[in-house]
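These notes are about the structure you will find just below.
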Amino acid sequence: MTDPRIERLADVVVNYSLPLAEGDTVLIQGPALAEELIVELVRAATRAGAIARVRATVQGTDEAYLSRASDEQLDHLPPWSLEEMSAIDARISVVGAWNTRELTGVDPAKMARRSRAAQPLMAQFMQRSAAGELKWCVTAAPCEAFAQDAGMSLDAYADFVYRAGWLDTSDPVAAWKTYATRLSKLAEKLASVKTLRVLADGTDLTVGVEGRTWMASKGTHNFPDGEVFTGPVETQTNGEVRFSFPAIMGGREVEDVRLRFEDGRVVASEAKSGEDYLRQMIAMDDGASILGEFAIGTNYAVEEFTRQILFDEKIGGTCHMALGAGYPDTGSTNVSGLHWDIVCDLRSGGAEIHADGEPIFRDGQFLAEFFAEDLSVPA
Amino acid sequence: MLCRYSLEIGPGDTVLIDGPALAQPLFVEVVKAVTEAGAHPMLRPRLDRADAALLEGASDAQVAAITKLDEVEVEAPTRALTIWANTNTRYMSGVPSETQAARAAAMRPLFERFLAREAAGDARWCGTAFPCHAAAQDAGMSLSEWEDFVYRAGHLDDPDPIAFWREQSKRQAAIAERFTGVREIRILAEDTDLVLDVADRIWDNADGHKNFPDGEVYTSPVESATRGHIAFSFDATYMGNDVAGVRLTFDGGRVVEHEATRGADFLGRMLDMDAGARYLGEVAFGMNDEIQVPTRDTLFDEKIGGTCHVALGMAFPECGGTNTSGLHWDLVCDLRRGGEIHADGEVVARDGRFL
């Protein structure tokens, strides 16, 4: 029998996150190991009157392709992929893996080259999303590889995943709706801020956000969710940041990342391990050394760092920033084949965020004088 | 074999690889070969359960829907490989047969579009089997026995499989040559006396290019002429449905009577799918002597040396066939014990052997 939490997850994604309307064409993509969730998503989408199409992936084909493809092949962006992107009304991406280190043997330059070639596809995706033409949601299926990275058994990890989506509560959709209202107020509050300053161990970073739009991530584009984010002004990031959690991309882990920014750009980077990879990614293209996103995680049901960005960036009381592509709907103009989220823990040690000189956040919580609403999981 | 011989993949080709996710090892090997050939893989691994879920409880509009995603799959590839395997050959049992028929009918313009691209030389297609438990179980074998059977049927154990298939191709070409110019074919076997008109139709030599394994010669008969009756010897599963003991009676090319000992309802639904479903789109003779026992898997059964098969529904334009349908259902008749094939009144095969 299907775990009832999987049916609930599918229901929330289809009827709350997107939500799907009758006649929508929805592409559901994910690894074959997520069959249970994919099947439930198809059922929920069909009940909603949508036309579902499934695009599964199987283990090992990416490695087989990437390790053999010539530059010419990697540069080829199939025209049909753009046609598809322009035709769908919604997309659900299920993340999951057989082995999160599967692509570690592939030359990073090849991965970067492929990402660069796919840039027009990413741009089209973001434009359609910003124009409200494309509904999308990224969600996760519990799997052994993610559980292992999180240091958990599969059962413990499944509990973590479903708890993070509040799927163990009696009415998850109602809880997310209540939370969404509160989080939207936080985004409104942040809208008047001109400059943010993050102060933590090894970190004193100033980020310009004047005139940019703050988005409340309330379970629409990601599920589980819980963050507020914006696209920083491209030329105003200054200072230093030290990321307490490892930066993870393509199965590679870069530890203790330290970046120094001047006038928006990374001018110095170092890491305890994976430094070459870090620098290679930052040098990928012109926009890769500029922040495309600055965000604060606000899902207080997510506490553990599990090496999956979908969850890690939501940890209540953390902040994260992404090198590379920004979301146009935030006002960001940064374009890149990269979008690399890196998370910094602000839950202890007197870590603070200041807005235009005033402290608004300390040790993982917004200060009541700035924002008094309760951001914990609604009862 | 699939990439070098069957599909002859070259630099710049867009290669659609469509099959169940359980065929993962074959997906990986094909991706390697395709990439090394300088082509672009277009992967479409499927999940049986998701395919069934798409139709279970779907409205008529959902069943009939053709999306851009479906169109891209027939327009974009210059080569297409279909991998046949299942997690469970009865995976569609929860979907009403009229829903399955409606879906097949809706897909028909797409099939026709791809066939037109094939006929124009813009695309090539090959269907192959990946050994799986479900097919092994239907064939009454263990997985390892089934693997041996599948790979032997393709002569993949031979030191040089491509050389074998080139030889087999010559042997089959001689039979196709013999049928060329023949006007009337009569098939006689137990409870079978079927007369088909094949005048001016083109006989194709199926030598491992469109199916792998392969081994048959086939054409599309004149649509309005088939008469008589035929009993199919082997059990079959079609689109996840169990069918056995099929007997058809034809008059003026059309199925006028049908019966089945199992799956009669499904058979009836398929025949009523559209106007072309009651007419034959193919008549063929199996010539793969490595395949001797029926397996409930049409890909193999229709190739058994010494059998013939006819297909209800869609015909092959390249053979001169004009019948169109969302259906193309091959049904196999064993000629190895007392069967005869007559060509314009002359006996050309007896007991499954060409004379």
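The values are calculated or read from the model by the stated rules, or taken from the named source; none is laboratory data. Note that the structure is a prediction, hence the values are computed from the model and not measured. Cβ atoms come from the backbone with ideal geometry, glycine included; neighbour counts cover every protein chain shown.
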Strands (runs of 3 or more DSSP E) contained in region A:126-237 and holding at least 2 residues out of contact with any Pro (no Cβ under 8 Å at 6 or more places or on another chain) and of a type in the set (S, T, N, Q): A:203-208
Condition check for A:L190: buried (at least 18 other Cβ atoms within 10 Å of the Cβ) and either more than 21 Å from the chain's Cα centre (by Cα) or more than 25 Å from A:D286 (Cα to Cα) (or both): yes
Count of region A:253-267 residues which are crowded, with 21+ Cβ neighbours inside 10 Å and in a strand (DSSP E or B): 3
Some residue of region B:159-180 being of a type in the set (A, V, I, L, M), in contact with a Ser or Thr (Cβ under 9 Å, 6 or more places away or on another chain) and not in a loop (DSSP other than H, G, I, E, B): yes
Strands (runs of 3 or more DSSP E) (entirely within region A:274-379) containing at least 3 residues that are closer than 30 Å to A:D107 by Cα and in contact with a helix residue (DSSP H, G or I) (Cβ under 9 Å, 6 or more places away or on another chain): A:318-324, A:339-345
Single residue of A:E313, A:E270 found to be of a type outside the set (S, T, N, Q), modelled with pLDDT of 95 or more and surrounded by fewer than 23 Cβ atoms within 10 Å (Cβ to Cβ): A:E270
Residue tally, condition more than 12 Å from every other protein chain (Cβ to nearest Cβ), surrounded by fewer than 19 Cβ atoms within 10 Å (Cβ to Cβ) and of a type in the set (S, T, Y), over region A:75-129: 3
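Residue-by-condition table, conditions (1) buried (at least 18 other Cβ atoms within 10 Å of the Cβ); (2) under 19 Å from B:W329 (Cβ atoms); (3) touching a helix residue (DSSP H, G or I) at 6+ places or on another chain (Cβ under 9 Å):
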{"site": "B:S144", "(1), (2), (3)": "no, no, yes"}
{"site": "B:D157", "(1), (2), (3)": "no, no, yes"}
{"site": "B:F164", "(1), (2), (3)": "no, no, no"}
{"site": "B:Q168", "(1), (2), (3)": "yes, no, no"}
{"site": "B:Y218", "(1), (2), (3)": "yes, yes, yes"}
{"site": "B:A236", "(1), (2), (3)": "yes, yes, yes"}
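Quick one: would you say A:L375 is without any contact (Cβ under 8 Å) to a residue 24 or more places away in the chain and touching a Phe, Trp or Tyr at 6+ places or on another chain (Cβ under 7 Å)?
For A:L375, the condition - without any contact (Cβ under 8 Å) to a residue 24 or more places away in the chain and touching a Phe, Trp or Tyr at 6+ places or on another chain (Cβ under 7 Å) - is not met.
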Complete set of residues in region B:247-263 that are of a type in the set (G, A, S) and surrounded by 15 or more Cβ atoms within 10 Å (Cβ to Cβ): B:G253, B:A260, B:G263
Qualifying residue in region B:119-127 (condition: buried (at least 17 other Cβ atoms within 10 Å of the Cβ) and assigned to a helix (DSSP H, G or I)): no
Where a residue in region B:131-143 is closer than 14 Å to B:A23 by Cα and its partner, wherever it lies, is assigned to a loop (DSSP other than H, G, I, E, B) and aliphatic (A, V, I, L, M), with Cβ under 8 Å and at least six apart: B:P131/B:A85; B:C132/B:A85; B:A134/B:A85; B:A135/B:A85
Exclusive hit being modelled with pLDDT of 95 or more, crowded, with 19+ Cβ neighbours inside 10 Å and polar (S, T, N, Q), set B:T307, B:T324, B:T295: B:T307
Hits in region A:14-38 (condition: in contact with a helix residue (DSSP H, G or I) (Cβ under 8 Å, 6 or more places away or on another chain), surrounded by fewer than 24 Cβ atoms within 10 Å (Cβ to Cβ), under 21 Å from A:T2 (Cα atoms) and at the interface with another protein chain (Cβ under 9 Å from one of its Cβ atoms)): A:A32, A:E35, A:E36
Selection count where residues are touching a residue at least 24 places away in the same chain (Cβ under 8 Å) and either farther than 22 Å from A:T100 by Cβ or more than 7 Å from chain B (Cβ to nearest Cβ) (or both), scope region A:56-72: 5
Members of region B:337-355 found to be assigned to a loop (DSSP other than H, G, I, E, B) and crowded, with 17+ Cβ neighbours inside 10 Å, listed by number: B:G339, B:G352
Which numbered condition A:F245 fails, given (1) farther than 22 Å from A:S115 by Cβ; (2) crowded, with 17+ Cβ neighbours inside 10 Å; (3) touching a Gly at 6+ places or on another chain (Cβ under 9 Å); (4) not small (G, A, S): (3)
Hits in region B:15-38 - residues which are facing chain A (nearest Cβ under 8 Å), buried (at least 20 other Cβ atoms within 10 Å of the Cβ) and either of a type in the set (S, T, Y) or more than 28 Å from B:M239 (Cα to Cα) (or both): B:T35
Tally, over region B:39-86, of residues that are at the interface with chain A (Cβ under 7 Å from one of its Cβ atoms), touching a Lys or Arg at 6+ places or on another chain (Cβ under 9 Å) and among the polar types (S, T, N, Q): 1
The one condition in (1) in contact with a strand residue (DSSP E or B) (Cβ under 8 Å, 6 or more places away or on another chain); (2) at pLDDT below 95; (3) surrounded by fewer than 21 Cβ atoms within 10 Å (Cβ to Cβ) that B:S6 fails to fulfil: (3)
